[in-house]
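What follows is a set of notes on a single structure, which appears directly below.
The values are calculated or read from the model by the stated rules, or taken from the named source; none is laboratory data. As the structure is a prediction and not an experimental result, all values here were calculated from the model. Neighbour counts run over all protein chains shown; Cβ positions are idealised from the backbone, glycine included. These accessible areas exclude ligands, DNA and RNA; they are computed on the full protein's heavy atoms, side chains included. Shrake-Rupley method; radii C 1.70, N 1.55, O 1.52, S 1.80 Å.
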Amino acid sequence: MQLRVNSVNVGLSKPLILGNRTVSSAIIKAPVAGPVEVTWDGLAGDEQGDKRSHGGADQAVYLYSAEDYAWWADQLGFELAPATFGENLTLSSFGAGPVRVGDRFRIGGVLLEATGPRIPCSKLATRMGDSGFAKRFREAGRPGVYTRVLSAGWLEAGAQVERLAGSESAPTVPRVMRLYLDKEPDPAELRQALAAPLAERTRVALERQLDRVG
């Protein structure tokens, strides 16, 4: 299966109303034409409104799949445009089998490494106009993939993508999300996940889970 970049998406931080408070968020992104530079901390022209929870070297580029968008269209009864979930790169597919932490994506001279899932929050629910959507997103098990940048460079829509498999012992990205959210996660699975090259925020969360149940 030949993978490609369907859309390159960026956005600047803007006020977002969450109930009775206003926060800064860059979840609303839009596709851009032409080459975009990718550096260690993400795409040029893109921002994160809440840098305590998003962005940084371990969560620099967020990927989502057009195949998962097609699944959501079937569930919701309407099409979702690229960047609806705030991803930087909308790929045609993630390829055969679920992505594992440590899998890599080569796009021209850019090399990305999967570090874990996107954990949905109230900002995504607000973006979707559905107060229960964060829970629905979690239960769907289609979280997209956060990546770190191993090799910087330039990319654009239409570019071919090569997925490079990492360790077969590493957890899948959806499994990491379940471990993150599970009230009674398996300690052995947590230890196995912690051996993978996780994003630091995710690692801290799983270490807390292990301290609690292990």
Length-normalised contact order of the chain, Cα under 8 Å, at least 6 apart, in percent, tallies to 25
Whole Å is fine, so just give me how far the alpha carbon centre of the range 6-85 lies from that of the range 135-159.
9
Report, in deg cm²/dmol and to the nearest 500, the calculated mean residue ellipticity at 222 nm for the chain, where each DSSP H run with n ≥ 4 adds -39500 (n - 2.57) and the sum is divided by the residue count.
-7500 deg cm²/dmol
If you rank Lys29, Lys183, Lys135 by how much accessible surface each has, with a 1.4 Å probe, what is the order from largest down?
Lys183, Lys135, Lys29
Can you tell me the FRET efficiency between Arg191 and Ala33 if r is taken as the Cβ-Cβ distance and R0 is 41 Å, rounded to the nearest 0.05?
0.35
Residue by residue, what Karplus-based ³J(HN,Hα) values in Hz, rounded to whole numbers, does the range 192-203 have, using 6.51, -1.76 and 1.60 with θ = phi - 60° and x for Gly and Pro?
5, 5, 5, 7, 8, x, 6, 5, 4, 4, 5, 4
What distance in nm lies between label points placed 7 Å from Cα along the C-beta direction at Glu207 and Gln160?
4.1
Using the Karplus equation 6.51 cos²θ - 1.76 cosθ + 1.60 (θ = phi - 60°), what ³J(HN,Hα) coupling, rounded to whole Hz, does each residue of the range 178-188 give in order, writing x for Gly and Pro?
5, 4, 4, 9, 5, 6, 9, x, 6, x, 5
Report, to one decimal in Å, the Kirkwood hydrodynamic radius for the range 56-106 based on all distinct Cα pairs.
12.1
Report the calculated FRET efficiency for Ala152 and Leu76 (r = Cβ-Cβ distance, R0 = 30 Å), to the nearest 0.05.
0.25
More than 30 Å apart - percent of Cα-Cα pairs taken over the chain:
18
Contour minus Cα-Cα span, Leu12 to Leu181, at 0.36 nm per residue, comes to 57.9 nm
